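What follows is a single structure, written as structure tokens, with notes after it.
The values are calculated or read from the model by the stated rules, or taken from the named source; none is laboratory data. The structure presented is a predicted model; accordingly, all values stated were derived computationally and were not measured. Every residue, glycine among them, receives a Cβ derived from its backbone with ideal geometry; neighbour counts consider all protein chains shown. Please note that ligands, DNA and RNA were not included when accessible areas were found on the heavy atoms of the full protein model with its side chains. Shrake-Rupley method; radii C 1.70, N 1.55, O 1.52, S 1.80 Å.
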Amino acid sequence: MRESWPWVVGPLAIGFMTPSLVVFVLAVGVGGQTIGPAFKDILGRQFAEGHNLFLLAVWSLIPFVVLSAILLFLPAGFSRRRVAWLSIFGLLGALGLMVPIHWSVWEPVYSGRDVSSTAVVAFVPLPFMCVFTMFLGLGVGWLVTKAPWFQLERPGAIGTKPAAPDRGGK
């Protein structure tokens, strides 16, 4: 597991940054802000009353904590390559729902459209729904890593033994 720690910790870092990154992309891409003021705005809203992006980021971490815990407790026989693929697919499963929901809640704020006062309620069940989609992603990753082509040793890969030299049929 020591070799796989980036794949275990990586989802936590990505999950923590996701809500703020979505807001940042919307501020720059849709809202027309420049990068500097948008970055300052995001930093100022991390602990601001009524906005508190930090608390939202912590709440949104739930599926990524579950994913990291699952990866941490995988059997010792799992290769680093397999842990990496499971991490990637689980991460894609969680982000596949989280990013569009965050986008749909925050987009009206930056596009100048009418904003629903109850739209943020979507953030309450979101992490639990993302746990479900994360498990779907893990399932796909599990199937991919069980495929026959995935099991083949890659020549020259780190940790693989070189093929025995050809002795000319002897």
| Distant alpha-carbon pairs in the chain (separation over 30 angstrom), percent | 34 percent
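Please give the peptides 63-72, 115-124 ranked by average Cβ packing (other Cβ atoms within 10 Å per residue), highest first, as a rough proxy for protection. Spell out each step's value before the answer.
Working: 63-72: 20.2, 115-124: 11.8.
So the order, starting with the most tightly packed, is 63-72, 115-124.
So between Lys40 and Val28, what do we pick up on full extension, going 0.36 nm a residue minus the alpha carbon distance?
Difference between extended and current length: 3.1 nm.
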| note | Measuring from the longest principal axis of the C-alpha atoms of the chain, the long axis of helix 80-111 (C-alpha) lies at a number of degrees, nearest 10, equal to 20 degrees
| said: What do you get for trypsin sites (Lys or Arg not before Pro) in the range 66-118 restricted to DSSP loop and a cutoff of at most 12 other Cβ within 10 Å of the site's Cβ? | reply: Arg113
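Rounded to the nearest percent, how much of the accessible area of the chain (1.4 Å probe, protein heavy atoms only) is carbon and sulfur?
On the way: 7430 of 10530 Å².
The computed percentage sits at 71.
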| message | Could you give the length gained by full extension between Met129 and His51, i.e. 0.36 nm per residue of separation minus their alpha carbon distance, to one decimal place? | response | 25.9 nm
| request: Give me the accessible area per residue for the range 1-90, probe 1.4 Å, as a whole number in Å². | output: 55 Å²
| request: Counting only C-alpha contacts under 8 Å and six or more residues apart, can you give the relative contact order of the range 11-94 as a whole percent? | output: 35 percent
| query | Taking 0.36 nm per residue of separation and subtracting the Cα-Cα distance, what length does fully extending Ala119 through Leu12 add? | reply | 36.0 nm
